[in-house]
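The next block holds one structure in the form of structure tokens; read it before the comments.
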Amino acid sequence: MPSILITGANGGLGVELTRQYSADGWRVLAAVRDPARASDLDPIVRASGGGVTLHRLDVNDRAQITALAKDLASESIDVLLNNAGLMESWDYTFGRIDYALWERILRTNLIAPVNVANAFLAHVARSERKLVVTLSSGLGSMTDNTWGKRLSPGRLYMYRSSKAAMNMATKCLSFDLKPRGVAAVVITPGHVRTRMGGPGAPLAAEESITNVRKVIAGLTLKDSGKFFFYTGSEYPW
Ligand SMILES: NC(=O)c1ccc[n+]([C@@H]2O[C@H](COP(=O)([O-])OP(=O)(O)OC[C@H]3O[C@@H](n4cnc5c(N)ncnc54)[C@H](OP(=O)(O)O)[C@@H]3O)[C@@H](O)[C@H]2O)c1
């Protein structure tokens, strides 16, 4: 049975990832910051007959990451999915930047996924699929920040910079993990109706994740270091 570790599994896309992988027969290690606030996962855990397990993980807490990696030392993890992410607001413009929040966003969206990949590398390297997947965003694309079709360019310094830097970190991982046979990719799920994406987003979580899973299913080591759109096409950096 293939297995996946999902961070931030209680959020919009995390719940849908857990639901779909569980329904497909995968073992799902659902990591959540606060299990008491993961009620959306309860019916999925109950229906899974032990296939979905909940694990406490604040991705910004290094001690928790190390402890969970040790607890799961006997597991092989086919897909490590760095899903936990933070945006907080669409409103911050130049001159109104919250620098403390920017640091928290960088810790969550950039430093944590690298830290988690480092802690779980051995679990992934001993699996069949050997994949480290991080959810990125079109907002982290330099190219997208010039088009201004849906969103005006500029603004959103904190979130955009965190995802752009994570893209670079993934490119670095793709070289460093290759000798272990592990691929590292970034995928943007599209603009999805979740707490982060907002109610006006065009995509439902089910449609986004159905497609993200197809992208993941087709990945090989040759794809390592690439940036994908949820539809499967490559996304411009
Ligand atoms: N929705 C979109 O349109 C969209 C577009 C592009 C990319 N993405 C990316 O997709 C991923 C999932 O987003 P979403 O739309 O599902 O957002 P969401 O509904 O806001 O969920 C975010 C999840 O991340 C978790 N999280 C935040 N900080 C954490 C921490 N320090 N430790 C552990 N978990 C933490 C949250 O946990 P708590 O409940 O404990 O806060 C929540 O479970 C993110 O990486 C996001 O950047 C989303």
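Quick note: the coordinates plus some simple rules give every number you see, no bench work behind them. Fair warning: this is a prediction, and the values are worked out from it, not measured in the lab. Reconstructed Cβ throughout: ideal geometry from the backbone, glycine too, with neighbour counts over all protein chains shown.
Observations on the model:
- Gyration tensor verdict on segment 113-237 (Cα atoms; rounded if a/c is under 1.5, prolate if a/b is larger than b/c, oblate otherwise): prolate
- For the chain, the longest principal axis of the Cα atoms and the long axis of helix 62-71 meet at an angle of about 30 degrees.
- Fewest-first ranking of 75, 16, using other Cβ atoms within 10 Å as the exposure measure: 75, 16
- Only Lys, Arg, Asp and Glu carry charge here, each on its Cβ (+1 for the first two, -1 for the last two); on that basis segment 3-229 has a dipole of about 440 debye about its Cα centre.
- Residue (of 187, 28, 7) at the positive-pole extreme of the chain, dipole from beta-carbon charges: 187
- Annotation note: trypsin sites (Lys or Arg not before Pro) in segment 72-128 located in DSSP loop regions with a Cβ neighbour count of at most 15 within 10 Å are 96, 126.
- Cβ crowding within 10 Å ranks 171, 214, 222, 163 as 222, 214, 171, 163, fewest other Cβ atoms first.
- Ordering of 191-197, 44-50 by packing is 191-197, 44-50, highest average first (other Cβ atoms within 10 Å, averaged per residue).
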